[in-house]
Structures are given as C-alpha cells and as structure tokens.
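Each reported figure results from applying straightforward, stated rules to the coordinates on display, with no laboratory input. None of these values were measured; they are calculated from a predicted model. Heads up, the Cβs are rebuilt from the backbone with ideal geometry, glycines too, and the neighbour counts pull from every protein chain shown.
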Amino acid sequence: MNAVWRAFEDELARWRDSGREVELWWRDDDACRLTPALTRLLELAAAAQMPLALAVVPEGAEAGWLGGLPAEVEVLQHGVDHRNRASPSEKKTEFAQGESLHAALERLRGGQARLAALAQGHFLPVLAPPWNRLPAQLTARLPRAGFRGLSTYGVRSAVEPAPGLRQVNTHVDLIAWRQGRGFVGEEAALQQAAAHLAAQRAGRADPSEPTGWLTHHACHDEAAWTFLARLFERTRRATGVRWRRASELFDGVARA
C-alpha cells in the first residue's frame, strides 16, 4: 500500500475506532446517450455491486437504455438541456440570473416530466444542476416544480435549503477541469476524500452528509477507470464503510 492510500485508509480507521460508520455515495454526470463510456460505467457499477446515481440530461436523452437500467442505478435530473446561459459576468450555468424564475421552472417541469417517463421507476425527483450552480431564488422554488432533492458540489450549508427540499452534495471530483480535463490523480482524489471525512469528524463539516464522489464518464481516461475500480474494491471490503443509494439519502423522496 502506498502512502496516499494509507493516509485515506487511516482516516477510515479513525472513524471506525470512534464507533462511527463512514457513508459514501456516487454521482455521475452528463448522461444522455448510451455511449461506450457510459456502457463501461454501468458495467463497472454492476461488477462492483455499487449503487449509482446517474445525472441525466433530459433533452436528447434516449429512451431505450433508460428503461432498461438495473435496479441499483437511480436517475437524477441534470438540468434540462445543459446549455450555458451565463452572462459575461457569471460563471457557467444553465440557470442564469437573467432568466425569469417562471421560465426556468417551466423548463425544469418539462424536463422532469420527460425524464420520469423515459426512466420509469428509476427516476428520483432530484435536481443536479449543470456546473453545480443554481440561483438561490430558484432553489427556494424547486418544490413548486415537484423536486424533493438537490445535489451540487461542496459542503452543504443546510440539510433543507427550502422546506421540503433535501440537499446531499458531492465532495470529491475526479476530473481536473483546469488542467486538461483528465483524471485529477489518485493522490488528489484521496486527499479530497480524506479532508472531507476529517472535517466531518472534527465538526467543521456536516457529519450527517455522506461523502459524495463525482464522476463524469465521458472524461475518464484509463487512470480514472483504474482508480474507480480500486476504490470500490477497497472500500466495499473495508469494515465500517457503507455506500448509500441516492433514494436512501434523499429521505422521503419517492421514485416516480
């Protein structure tokens, strides 16, 4: 075992020694069509017996594969069309400040209806906005559009950012977006995970929020695929570590 894995597993051991269980979950973004990369992702999840929350873009999503997903794969809504509407002064976002709340909510409702029909019993009314960005005013109105969950990136500021809306985020991003859009590296990924777990243990982060791993199958190189397989193998056999289903995390969020 190299030093990077040892540091991560030492953190898992600290949780175990304190009598606490480490909870993890997995979200993959940007699914739309059954590409070779997406097929590989689904095969990896099945082989590792790993629960997967697949964030799917409703516009352009193909029906066939969504209706035939295995039971361990649950579908979240990844925006509506994943088109950047940001003004020059904003960071990338599908839901720009310049778009009216009414228009944004109508788009979201339409996307939700389409995805629920295509994914059938796999769909959860949970929004994972593209680029993990959503205006606060729109977040507050998501329950009006039928959403019961929200997932972005980073430590959440509240369990419920709006009444009836549960938030569960991701905290470890496997892609180096500013350095070539490849795998961030084994060391960086494990350090991110260990840092979030340590912050929870010390009370600097919400201890009830599972550590979320964020992947983007279309961007994975061989190093990323190899790392994921190794991560799943090591954590699945580790004492005191549990991978959670999205439907377990978003309490009260029933499948469509």
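Under the rule of -39500 (n - 2.57) per DSSP H run of 4 or more residues, summed and divided by the residues of the chain, what mean residue ellipticity at 222 nm is obtained, to the nearest 500 deg cm²/dmol?
Details: 8 runs with 93 residues, N = 256.
Taking each H run of at least 4 residues, the total per residue is -11000 deg cm²/dmol.
If the chain linking residue 202 and residue 20 were pulled fully straight, counting 0.36 nm for each residue of separation and taking away their Cα-Cα distance, it would gain 64.2 nm. Considering only 112, 167, 191, the mean-square fluctuation computed in a Gaussian network model of the chain, springs between alpha carbons under 10 angstrom, is largest for 191. Quick check on segment 146-217: take the gyration tensor over C-alpha atoms, sort the square-rooted eigenvalues as a ≥ b ≥ c, and tell me if it's rounded (a/c under 1.5), prolate or oblate. Taking the square roots of the gyration eigenvalues as a ≥ b ≥ c, segment 146-217 is oblate.
Take the Cα of residue 90, step 7 Å toward its Cβ, do the same at residue 2, and the gap between the two points is 4.1 nm. Averaging the Cα positions of each part gives two centres, and for segment 191-256 and segment 50-129 these lie 21 Å apart.
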